[in-house]
Structure formats: structure tokens, C-alpha cells
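See below for the structure under consideration.
The values are calculated or read from the model by the stated rules, or taken from the named source; none is laboratory data. Because the structure is a prediction, the values reported are computed rather than measured. FYI the Cβ positions are ideal-geometry reconstructions off the backbone, even for glycines, and counts take in every protein chain you see. What goes into the accessible areas is simple: the full protein's heavy atoms, side chains included, and nothing from ligands, DNA or RNA. Shrake-Rupley method; radii C 1.70, N 1.55, O 1.52, S 1.80 Å.
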Amino acid sequence: NGHFLGRHMSGYTSLRYDISDYVNYDHKNILVIRVDASQFEGWFYEGTGIYRHIWLVKTDPLHVAHWGTFVTSEVNHDSAKLIIKTRTSNEYDEATQCQVTSRIVDADGKAIGEAQSTETVRAWENEEFSHEVILKNPRLWSTESPYLYRLVTMVKKGETTVDVYQTPFGIRTIRFDAHKGFFLNGKPLKIKGVCCHQYHAGVGSALPDRIHEFRLEKLKKIGCNAIRCAHNPPAPELLDACDRLGMLVIDEHRMMGSSPQFLGQLESMLLRDRNHPSVILWCLGNEEHVIQGTQVGARISSTMKRLVKRLDPSRSVTLAMNGEWGSVVSLIMDVQGCNYLRLGDVDKYHKDHPDHPIMATETASTLSTRGIYADDKEKGYANAYGTTLPFWGSTAEDMWRFWAERPFVSGVFVWAGFDYGGEAELFWWPGISTNFGIMDTCGFPKDNYYYYKAWWSEETLLHIFPHWNWKAREAEVIDVWCYSNCEEVELFLNGKSLGKKKMRPNSHLEWKVKYAPGKLEVKGYRSGKSITTAKVETTGKPARLKLTPHHLAIKADNEDISVVKVSVLDVQGRLVPTANNEVTFSISEKARIIGVGNGNPSSHEPDKGAKRKVFNGLSQLIIQSSRETGEIKLRAESPGLEPTSIIIRAENCTSKPFVPSVSSF
């Protein structure tokens, strides 16, 4: 309404303004937000715009303060003591008596504990209420069983309940040990994590809530149990998904500094995120190479750490350092964060500082492009064997074998879980996205994905590559690799054995094979018995399309999405691994296509629209619901290919409160 509210110097930390004095209570209000991304903040291509939710919050003058609850727990065998802190705000002009009730509700909605107290809160001030609740035989939150409780905070003025505030939380213990690594609920757990930027094909940085869940589910399938929010505080919805799915989190502050602006951003992150059981570690910054080894850096990090410990004494702090391990800044951190094994001497650090826990906060940086098996700098592609590296990088195998052999290291965070826009390292223009990901920008697995799945998960795995479509290369020698956690693997070409080899732990197998069209097959053995097989075949020409949605039913709430995989198949229904057909999409009025992508790091096609080429047989589109229920028909067609269509249901639901859209200015 023409009044200036303020300026916030970050696109990632949450901000809040009280607009009570400026509101027109009897007619329309206009809220104007100017977004300026002329100075980059992230370490990737961010685009610009508003990519987090905006909430309009209305309360009684007596209410729970913003991010005003904090739940911690002390676990003792068959019980847990919950310590609950609640800040209430009184915005009346007189002191007001306030009754606060803290009620604990289990996952079934049953109230299982309660405490309350009454205080007089002075006018225009906050008051902290402290409660303790004992729970018998609590369900502990873990990566395998992410059990969540809920704190329901009720504020009464006299006999009237004026505010109800809900806080999901989990009960668990965490510990970093300098000799034995990380412990969750008293049990050792090797952290197998990835670093993730806020980016996905077709939507860039503006991720719908369901995309966070989609990406986490893909990571869980390879045995990944942690993510590092690189290099900024995440969307709250990502942490909600981590809580629900059982994914550990390093929550990271973007700007290492002790000015009021930067400390305010750090405080915002801490207050907002400290009730999430998934968060196990606060990271104060990333690769601050100018100050991470200096006295200035030590003073800054000490000030930041004091703020963390005041607001959350239950967690440790780290700094992701690409060198200067053992400096004055290192010794201030509760956990030494090491970026890349080539940039320092981990064993020396552990010998010199035997009582200091260590975490590989960033590692690998293996370059690879899905479905490409030779470097092609002109096209911006790195070979999918993962042997092309920047000077600081390591192959997935060298990296994991190094860290896995050191029990004193709490775990690793691979750079990166997914490709993202920008940082086309070593392969610049026409490259417009990175090749660092275990998966591409769509979440389609690269071959390295199966290396991690072999050694991070308990699932029996056998994966052979490359594809076997090498027209005009008959009799040429092809490097054939196999990722597996079987004890032995035997390779066959068109039924003829090319030899059986033993698989070393955390390793892979290779053969030199003269190309002949047909079938390349591997058999995996355990205790001398064949237990699984995998194959690649020479396919026919592209013949038809296939659409595979990750959800066949979505909510009709104008938010929910389904991620649809587009595959080009031959007449026998096999994926054609070299196909690059352009596919056009049409959709009924009950939904919309909000983005298309294909994982090609050098594709300059529009991310918004109704068509996209497949890249090595695959592409992706994201559809989003309207508020209309019923059948959503999606059709895909391409010249010369058999078209296809699918039906996705938009189901009735209770939508979040929302302000209807109006025309922009």
C-alpha cells in the first residue's frame, strides 16, 4: 500500500514483516515485492523470482511467537523427558494473564502427555514458558523408522483459547565420536550422504513441494541416508519431507559473517529449523578460503557458534573447509568438515587431533553424462564411466573406498546428488548445467548411481554398461564395466562366456569386448550359486512412446504434481538408448504442464512449453493440478512413432488456505 517494509539480503533465509499498521482493513491491499538477483548468491545458476511459499499469518494479539516453540529430549532406556520451551507474545497494550498448554500427540492422533502453566505477560513483550513431559517407551525417530510426534501448543486468555500452534518433532539421540564416527540412538551409523542444490529440470529453483519428496525417494533407493543443503538454508518443505522419510540433514548457512545482517540470517535458520529431527548438524559456511584459516575467520566463527549454542545447545556445528584443516578455525568447530580428500591430509589431521570428530562434508565431484561413453568437449559431455575429473575430484570408487576404510570418519557427502544449472565444470559452452550428479537434472540415474547402490544398500545389485547399440563399430573393442555387490560376476556375449571375475568390496569389474550386435549379459554369483542376472541388448529403431507417471493420482489443490517419465521404445518394448526424438505433449484442462527436461547438460530447449527432445531415450515433464477434480488426460506424440496417452486422477482434497491470484503489475 505504498509503504516501505524493509530489505532482506538473501534469497534463501526466511523473512517476515508485521504489516498490521499498513493494512487497509476495509478494502483491497497491494503487496509489492522486488526481487533483485543481479548479484549471485548460490554456487549454481539460480535464475530469479520467488521460489518459496509466502504465508499471510493472522493472530490474536496474544499468541505463540513466530517460530516460538523448541522441543528437546533426554532419552533414558524406556522413557524420554521432553523439555519444551514456548515463547508467547503479548501485543495488547496492557499486561495479560496467559495460560499455555503443551500437549503431546502421537502419530495416530492420540494425546499421550500434557503440561500447562500460567504467567502474566507484560504489554508488548515476550515471555518464555518451560514445560517438561515424561513419555514412557517412546518411539525413536531413525532413518529406517522416522516416527514423528506432534506438540500442540494452546494459548488461553481467560477462558478463551486464542491460539493453537502445531510443532512436529521426533525423539532421537545423536553423537559424533572422534574414533568411531556417528551414532544415532546409540547405534553406529555410517553417513552416506549427498550434497543437493535447489534445482530440478523444468522448474529450476522453484520446486513444488512434491518434487522434494520425489528426489528424496530416489536417493533413499540407493541407500543414501543424508543430504547436505548446499549451500544455503533449504525450503522448510524439504526438511518436512526429510523428517517423514528418514533422511539426515546438514543444515547450512550461506554467508559466513558476524554482522547483524548475517547473524540475523543465521538466527532465522536456527529458530525455523531446530525442531526437525532430521537436522543433525549446523554448517556455518562453505569453502570460505579467504578466512577459513585466519584469526579473522576464527573470531567470526566463534561469534556464530555462540549464537548457535544459545539457540540450540543440542547440536554440533561444522564448517565445510577446502583446506586449512587444523587451523584455528578448525579447532573452533565441534566437527571438522573436510571438502575433498585431495585438498588435505585426513590421516594426519586425525593423528594430530585424535579427539576431534571428522566428516567428509563434500567429496567426489565425479563428472559424467547419462548414456555418453566418451568425453565430448564440443557438446559438453563427460564419459559415463566417471573417469573425467577436476583437479580436486575423485572417482566414486576411489572416494568411497578411502572414506569407508576410516571408521573415525562419520560419513561422506558426495558432490552431488543431482545435476543442476550452471557450473559446467571442464565442459563449458554449450554446456549449461553441471555433470557432477549421481543423477541428471531430471533424476534419471547415471551409471555411477549403481556403484553407490551396490555398496550403500543391502539390495542385491548387478548393473552392466555401456548400452549395446554401436552401429558401424563391429569388432571394435568396447570397455564393459559392471557394478555389483555379488561375490563373482560372469560376462556373456551372445551366450558365450567371456570369463568370471571376483568382485572386491567397494570396487567394480571391467572387460575388453569386441563389439558384435546382440546380447551382453552378466550373471552374479554368491557362494558359488547364480543369484541374479542383468543384460543390455542391441535394440531396434525407435517405434513407440511410453509415459510413466510417478503418481497416478494427485490432489486437486492447484499445487500437487506428478513427474512423468517419457521413454522411446523399439517394437519389442526396449528402451532405445541412443534415441533423440522430439516429443510433443497435450493435456486436458484440469491440469497444466509446468516444466519439461531431458537431463542433457547442453540442451538449450525451453524448459517451459509442450515439447522436448528425449536425450538418450528419456525425457520428463511435470504436470500440476488445478482445483478441478476428475481425469487428466496426457498425450505424447512424435513423427514416425506410435503415440501414447495416460490418465491421471485429480482427487478431491482439503487445500491449504490461499489468496486468489490477481493480475501482476
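Here are the numbers for the structure shown:
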quantity: Accessible surface, per residue, of segment 354-437 when the full set of protein chains is kept, probe 1.4 Å, Å²; calculated: 32
quantity: Within straight-line cross-link reach of Lys136, lysines at Cα separation under 20 Å, skipping those fewer than 8 residues along the same chain; calculated: Lys81, Lys110
quantity: For segment 105-179 and segment 307-352, distance of Cα centres in Å; calculated: 32
quantity: Segment Leu311-Lys496, extension gain: residue separation times 0.36 nm, minus the distance between their alpha carbons; calculated: 60.0 nm
quantity: 1.4 Å probe accessible area per residue over segment 37-107, in Å²; calculated: 53
quantity: Carbon and sulfur %, accessible surface of segment 581-665 computed with the full protein complex present, 1.4 Å; calculated: 50
quantity: Å² per residue, accessible surface of segment 593-664 at 1.4 Å; calculated: 52
quantity: Two-decimal Rg to Rh for segment 196-274 - Kirkwood Rh, Cα set; calculated: 1.00
quantity: Filtered GluC sites (Glu not before Pro), segment 147-241: DSSP coil and at most 10 other beta carbons within 10 Å; calculated: Glu159
quantity: Accessible-area composition of segment 205-298, carbon plus sulfur, in percent [1.4 Å probe]; calculated: 56
quantity: Potential lengthening between Arg473 and Ile646 on full extension [0.36 nm per residue; Cα-Cα distance subtracted]; calculated: 58.5 nm
quantity: Rough spin-label spacing in nm, given labels placed 7 Å along Cα→Cβ, for Ser79 and Lys512; calculated: 7.1
quantity: Label-to-label distance, nm, for residues given as Thr584 and Arg7 (7 Å Cα→Cβ offset); calculated: 4.9
quantity: Label-point separation in nm, Glu631 to Thr303, each point 7 Å along Cα→Cβ; calculated: 6.4
quantity: Gain in span if fully extended, Glu405 to Lys656, counting 0.36 nm per residue against the direct Cα distance; calculated: 85.6 nm
quantity: Quarter of Cα convex hull surface for segment 455-508, i.e. mean projection, nm²; calculated: 4.4
quantity: Protection-proxy order for peptides 396-404, 44-52, each taking the mean of Cβ atoms within 10 Å per residue, highest first; calculated: 396-404, 44-52
quantity: Filter on Lys377/Lys613; Lys157/Lys309; Lys501/Lys541 - keep pairs with C-alpha separation over 24 Å; calculated: Lys157/Lys309; Lys501/Lys541
quantity: Most to least packed among 326-335, 262-271 [average Cβ atoms within 10 Å]; calculated: 262-271, 326-335
quantity: For peptides 623-631, 599-607, 223-231, sequence by mean Cβ density within 10 Å, most packed first; calculated: 223-231, 599-607, 623-631
quantity: Whole-percent carbon and sulfur share, accessible surface of segment 54-176, 1.4 Å; calculated: 45
quantity: Using a Förster distance of 22 Å, the FRET efficiency for Ala123-Asp21 (Cβ separation, nearest 0.05); calculated: 0.85
quantity: Compactness of segment 608-665 as Cα Rg over 2.2 N^0.38 Å, two decimals; calculated: 1.56
